[in-house]
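Step one of this worksheet: look at the structure below.
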Amino acid sequence: MYYDDLPLWGFIGKTDGNKLKFYLFKHVNFDVLYNGDQVIEINALGDPNDAVDITDDAAELDVDFTYSVSWYETSTVYQNRMARYTRASLLSVHKKIHWFSFVNSAVILLLLMGLLIAFFFRRLRNDLRMSSSGDDEGEDKEVGWKYVHGDVFRHPQNMSLFCAFLATGAQLLTMAFLLFVLAFVGTLYPYNRGALCTACVMVYALTSVVGGYISASFHSQFEATGWGKTVFLTGILYLGPFFITMSILNTVAVSYGATAGLPFGTIMVVLLICVFLAFPLLILSGIIGYTFRSEFQPPSAPKRHPREIPKLGWYRKTLPQMLLAGLLPSSAVALELHSLYTTFWGYKITTLPAILFVSFVILCLLTAILSIGMTYIQLSVEDHQWWWRTVLRGGSPAIFMFLYSVYFFSRSSMSGILQTSFFFGYTACLCYGIFLILGAVSFCASFVFVCRIYRAVKNE
């Protein structure tokens, strides 16, 4: 229960352990602390002396509930009324959980960074040193990733969809960081979910500038035509599935007569924001991105005919690599993921955005590091089709996050079509957004890495 965006907890009954009897409180007293015309704190206390016996399930009871309100003046200012709930999140048991999650994530991150530096970078230096020796022995020992220099910068199939994927991921990443900034400065706080949803809609609309610019500029570096299609796909790649899911869930809520459904007026406001703000910004930024695009000069020009890829083992296929690339990052943030799900669907409230932000940064870093290492391994076996592979590998932690939501749902008390559809519908939208973000992060890390190593070979 919430009042003025303040959460309420309270006991609704009591038990008599000796006689195995259950009692329901009929009277609740609300203690409200106020300062001026602002509510600072509110507590709900059930009256144990005014209770009804509900032990017999078969008996039908008519219960008259009553309540009372007590007002108390306090000197606490309105800006500090959330400090009480933040202190509750800093209790020793909560701090231990957050610290364990942080140490677990940091250890995995340091191990991967150490492995990347000690093994891959060392091996890469040996490869570059071998190519710069200029003798016949060096040529005989030339490694596989150098053989595909004429194919590694060949743009992939479905280039418009690929660029839209990257642009949407970059837009959602920018949106996430802006929401964290708003939380840090105090504009957003976790108890005002209506303000949070409003901020998400407005920030997404404004960050359409990022999506339109990146989609048009990146696409036009490889193909002279088709950038308009890319901008259009950017506009619907996430928003389309989200609106379809929201429409289905809203229909389910209306059919059940639940208050979880959005009012028609709210839906129209969201549509108007998308039509008259998000889409115009998307198109305008796309035109700017195409007009002021930079020219990409690959370290090695693509050959006319693509090189044949050798036969590879099953573990070098896309699905096994997605399994490996998704397992480590998702396991590093598993505890914070549980806290996030309990915030969305349970009784807990996250009051420490800094911890959530650190976990998000660690998740992005782990994804980038794994992407660089696995891209190097892929090119070493002369598999030059790495563009889409990096996106799919990078976004795979989101699949594990959705699978964890299935486990979370099975352990919860949620049931019925309404709760099940809302849980999996909106969780799927959340995980899909994370998939796009991590896929964009993964490709950007691998793209910078590939450009650096082939430019180093060219300089040698």
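Tabulated data
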read-out	value
Qualifying residue in region 387-408 (condition: out of contact with any His (no Cβ under 8 Å at 6 or more places or on another chain), at pLDDT below 90, in the same structural domain as LEU324 (by TED's automatic domain parsing) and crowded, with 18+ Cβ neighbours inside 10 Å)	no
Matching option when the condition is over 22 Å from ILE372 (Cα atoms), of a type outside the set (Gly, Ala, Ser) and at pLDDT 80 or above, among VAL181, VAL152	VAL181
Looking only at region 377-391, and only at residues there that are charged (D, E, K, R) and part of a loop (DSSP other than H, G, I, E, B), the one that is farthest from the chain's Cα centre (by Cα)	GLU382
Scan of region 156-177 for residues that are surrounded by fewer than 16 Cβ atoms within 10 Å (Cβ to Cβ) and at pLDDT below 95, ordered by number	PRO156, GLN157, ASN158
Residues satisfying the stated conditions in region 314-334, i.e. over 15 Å from the mean Cα position of the chain (by Cα) and under 14 Å from SER101 (Cβ atoms)	none
Number of the condition not met by VAL231 [criteria: (1) at pLDDT 90 or above; (2) closer than 17 Å to TRP388 by Cα]	(2)
Considering residues of region 1-27 that are among the aliphatic types (A, V, I, L, M) and assigned to a strand (DSSP E or B) only, the residue nearest to THR343 (Cα to Cα)	LEU6
PHE357 assigned by TED's automatic domain parsing to the domain that holds TRP227, assigned to a helix (DSSP H, G or I) and at pLDDT 85 or above	yes
Region 352-390: number of residues that are among the β-branched types (Val, Ile, Thr) and closer than 20 Å to PRO320 by Cα	7
Residue list for region 192-204, filter: modelled with pLDDT of 95 or more and either surrounded by 22 or more Cβ atoms within 10 Å (Cβ to Cβ) or assigned to a loop (DSSP other than H, G, I, E, B) (or both)	TYR204
Residue in region 246-253 that is in contact with a Cys (Cβ under 9 Å, 6 or more places away or on another chain), within 30 Å of LEU166 (Cβ to Cβ) and crowded, with 16+ Cβ neighbours inside 10 Å present	yes
Close pairs (7 angstrom Cβ cut-off, 6 or more residues apart or separate chains): in contact (Cβ under 8 Å) with a residue 60 or more places away in the chain in region 169-188, part of a loop (DSSP other than H, G, I, E, B) and crowded, with 19+ Cβ neighbours inside 10 Å anywhere	GLN171/THR207; LEU172/TYR238
Candidate set from region 18-61 (those that are small (Gly, Ala, Ser) and under 46 Å from the mean Cα position of the chain (by Cα)); member that is farthest from SER75 (Cα to Cα)	ALA51
Of residues in region 45-75 being in contact (Cβ under 8 Å) with a residue 12 or more places away in the chain and acidic (Asp, Glu), the one nearest to ASN29 (Cα to Cα)	ASP47
Subset of region 28-65 (residues that are more than 21 Å from TYR2 (Cβ to Cβ) and outside any loop (DSSP other than H, G, I, E, B))	ALA51, VAL52, ASP53
Some residue of region 292-315 being more than 30 Å from THR375 (Cα to Cα) and surrounded by fewer than 17 Cβ atoms within 10 Å (Cβ to Cβ)	yes
Unique match (being assigned by TED's automatic domain parsing to the domain that holds HIS305, of a type in the set (Val, Ile, Thr) and at pLDDT 90 or above) among THR350, THR367, THR343	THR367
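Condition check ((1) over 22 Å from ALA183 (Cα atoms); (2) of a type in the set (Gly, Ala, Ser); (3) at pLDDT 70 or above) across all residues:
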| site | (1), (2), (3) |
| --- | --- |
| GLY10 | yes, yes, yes |
| ASP16 | yes, no, yes |
| VAL32 | yes, no, yes |
| VAL39 | no, no, yes |
| GLY46 | yes, yes, yes |
| SER70 | yes, yes, yes |
| THR86 | no, no, no |
| SER92 | yes, yes, no |
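The values are calculated or read from the model by the stated rules, or taken from the named source; none is laboratory data. Since we're looking at a predicted model, the values are computed, not measured. Positions of Cβ are generated from backbone atoms using ideal geometry, with glycine treated the same way; all protein chains shown enter the neighbour counts.
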